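The values are calculated or read from the model by the stated rules, or taken from the named source; none is laboratory data. If you're wondering where the values come from, they're calculated on a predicted model, not measured in any experiment. Cβ placement follows ideal geometry from the backbone for every residue including glycine, while neighbour counts extend to all protein chains displayed.
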Amino acid sequence: MTTHHNTARKTLNLGKVDYNGRGRKINAVDITWSIDDNGRFSMWAGIWNGNHTDYITCGQMVDEVAKLFPHNKKVQRMAQIWERWNLNDMRAGSSAQESWLRANPITVQYPESHYEKAYKALADAWLNPDESCPNPETGEGYKYGSAWKMEELPDDVKLEINSW
């Protein structure tokens, strides 16, 4: 059975930049986001070629776009929301695990694995498995990364996103 959700998708055109450093602002920049009626949120950005026929670069780069517009308060706020809430239906951790990781950020350098370091750090903090979030089938505590979990958007964040 397929369930369809109403999804609102919007794009903010930010103007043009000289992305290639050639002395001419010919590259349009966009931030696009979507939120569905279940509160699933995603945001991405793109920088267009001069003819606006294809992206030079695009994807999960809202933070990079924010650096191009350091004095644009809306873009800076959008980047904050992107950083905290993007792909809120794809959380690797339980609520307690995600909260702990936000308070105790894991840093990695290639070729290290963020997942492996987070998994071990949570185990060391007695949060992996998370006994407060049992698997309904087995009764065992939730193991970090064993499923995609949904983190609900707070109402004020939903309202802000919908106001853009």
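Below are the figures for this structure:
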quantity	calculated
Checklist (1) exposed (fewer than 13 other Cβ atoms within 10 Å of the Cβ); (2) not in a loop (DSSP other than H, G, I, E, B) applied to Cys133, failing item	(1)
Test: residue in region 52-63 that is under 26 Å from Asn162 (Cβ atoms) and part of a helix (DSSP H, G or I)	yes
Any hit, region 71-85, residues being in the same structural domain as Thr32 (by TED's automatic domain parsing) and assigned to a loop (DSSP other than H, G, I, E, B)	yes
Filtered residue count, region 89-129, keeping only those that are of a type in the set (D, E, K, R) and either without any contact (Cβ under 8 Å) to a residue 40 or more places away in the chain or on the phi > 0 side of the Ramachandran plot (or both)	6
Subset of region 36-50 (residues that are in contact with a strand residue (DSSP E or B) (Cβ under 6 Å, 6 or more places away or on another chain), free of Cβ contacts under 8 Å to residues at least 60 places away in the same chain and within 26 Å of Asp156 (Cβ to Cβ))	Asp36, Ser42, Met43, Trp44, Ala45
Residues (over 22 Å from the mean Cα position of the chain (by Cα) and aliphatic (A, V, I, L, M)) located in region 122-150	Ala123, Ala125, Leu127
Residue pairs meeting the criteria (Cβ under 6 Å; at least 6 apart or on separate chains; first in a loop (DSSP other than H, G, I, E, B), in region 141-164; second charged (D, E, K, R))	Met150/Asp89; Glu151/Arg91
Filter result for Gln97 (over 30 Å from Lys10 (Cα atoms), out of contact with any Lys or Arg (no Cβ under 7 Å at 6 or more places or on another chain) and assigned to a loop (DSSP other than H, G, I, E, B))	no
Residue among Ala123, Ala147 that is outside the structural domain of Lys25 (by TED's automatic domain parsing), over 30 Å from Lys10 (Cα atoms) and among the hydrophobic types (A, V, I, L, M, F, W, C)	Ala123
Matching residues in region 39-51 - criterion: being of a type in the set (S, T, N, Q) and not in a strand (DSSP E or B)	Asn49, Asn51
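For every residue, the table says whether it meets (1) among the hydroxyl-bearing types (Ser, Thr, Tyr); (2) touching a residue at least 40 places away in the same chain (Cβ under 8 Å); (3) within 22 Å of Lys158 (Cβ to Cβ).
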position	(1), (2), (3)
Lys16	no, no, no
Asn20	no, no, no
Ala28	no, no, no
His52	no, no, no
Phe69	no, yes, no
Ile81	no, yes, yes
